[in-house]
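Here the structure is laid out as structure tokens; the discussion comes afterwards.
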Amino acid sequence: MKIESNYTSPKTLLNKGTGYLSGYSHSLNPYTGCTYGCSYCYVRQMPVSLFRKEEWGTWVDVKQEAAAILQKELHKAKAKGPVSIFMSSSTDPYQPVEHKEEVTRSLLEVMVQDPPDFLFVQTRSPLVRRDIDLLLRLEDKVRVSITVETDREDIRQKFTPSAPSIAARLKTLQLLREAGIPIQATIAPVLPSSPTFPATLRALVDRVCVDDYFMGDGSGGKRTRRLGIYSLYEELQLEDWYDPAAYRLVYEGLQQVFSEEELFLSQKGFEP
């Protein structure tokens, strides 16, 4: 699939934390668009996607001079009060284009020099390993959350064929933990998984967040429903997993190996 990369010159980078991210003062997206193009991504139903002619997952806008913009905005924001940043809410900061463009790394370099009170990094990409040196310098002011929707590679390939493998993500969690970086595994959305999934995560993390379409797409599951994702569950004969109560299948297994203090549901798991 051909990916179209565009270069934009944004006036601002920091957006006010609202709605699902109201626990944060700001959200930060190094890119617009995401070439992982996950089938269930709620951003497909947002204006950033709906108003583009190109299909979601086939394009990405690279924000030029991002570090210089953030440097100014961060300084101003900190002068007004505590600054907590969620990176990223509508893109993956470590999607493939980051290998070449290094926009996310440049933003981390700014934050190392002028740290926010807290930075939450949300990704499904093993590329985050590259920036262990910078993440370490943020110490306890950062948490890296790796999305691991399932432990089944066959399911991953059906729902998110362009995303990194499950094995690579689990290895990334291990490497970040060994480096001493605060981490969590995020099961979002809850895709069909095996009974051994909780034990696999227990060996790697001491913090897990579980979120699904119905809790986490910002519309009680309506955005996801409009994507027609249910047909994929039907094709795989896994309809029971597309249900507001399906998360319990995983959550109850996690409760067997994690304490209540280590488990978080939906929005709670993403708060600073």
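The values are calculated or read from the model by the stated rules, or taken from the named source; none is laboratory data. Predicted model only: the values in this text are computed from it and were never measured. We place every Cβ from the backbone using ideal geometry, glycine too, and count neighbours over all the protein chains shown.
Among strands (runs of 3 or more DSSP E) lying entirely in the stretch 119-232, which contain 3 or more residues that are among the β-branched types (V, I, T) and under 14 Å from the mean Cα position of the chain (by Cα)? I'd like the intermediate steps shown before the answer.
Working: elements: 142-147, 183-187, 208-210.
Qualifying strands (runs of 3 or more DSSP E): 142-147, 183-187.
List pairs: first residue in the stretch 183-206 and touching a residue at least 40 places away in the same chain (Cβ under 8 Å) and closer than 16 Å to K268 by Cα, second residue among the small types (G, A, S) and part of a strand (DSSP E or B) anywhere in the structure, Cβ distance under 7 angstrom, at least six positions apart or on different chains.
The qualifying pairs are Q184/S145; T186/S145.
Cβ-Cβ below 6 Å, separation at least six or inter-chain, first residue in the stretch 75-98 and under 19 Å from D131 (Cα atoms) and free of Cβ contacts under 8 Å to residues at least 60 places away in the same chain, second aliphatic (A, V, I, L, M) and in a helix (DSSP H, G or I): which pairs?
Close Cβ pairs (under 6 Å, with a partner that is aliphatic (A, V, I, L, M) and in a helix (DSSP H, G or I)) amount to Y94/L127; Y94/V128.
Within the stretch 239-272, track down each residue that is among the hydroxyl-bearing types (S, T, Y), in a helix (DSSP H, G or I) and over 17 Å from Y40 (Cβ atoms).
Y251
Does P244 count as of a type outside the set (K, R) and closer than 22 Å to F86 by Cα?
Details: of a type outside the set (K, R): yes; closer than 22 Å to F86 by Cα: no.
For P244, the condition - of a type outside the set (K, R) and closer than 22 Å to F86 by Cα - is not met.
Would you check if there is a residue in the stretch 121-138 being modelled with pLDDT of 95 or more and within 19 Å of Y251 (Cβ to Cβ)?
no
Surrounded by fewer than 20 Cβ atoms within 10 Å (Cβ to Cβ), at pLDDT 95 or above and out of contact with any Pro (no Cβ under 9 Å at 6 or more places or on another chain): which single residue out of A167, A163, A185 fits that description? Lay out the reasoning, then the answer.
On the way: A163 fails: surrounded by fewer than 20 Cβ atoms within 10 Å (Cβ to Cβ); A185 fails: surrounded by fewer than 20 Cβ atoms within 10 Å (Cβ to Cβ).
After ruling out the rest, the residue left standing is A167.
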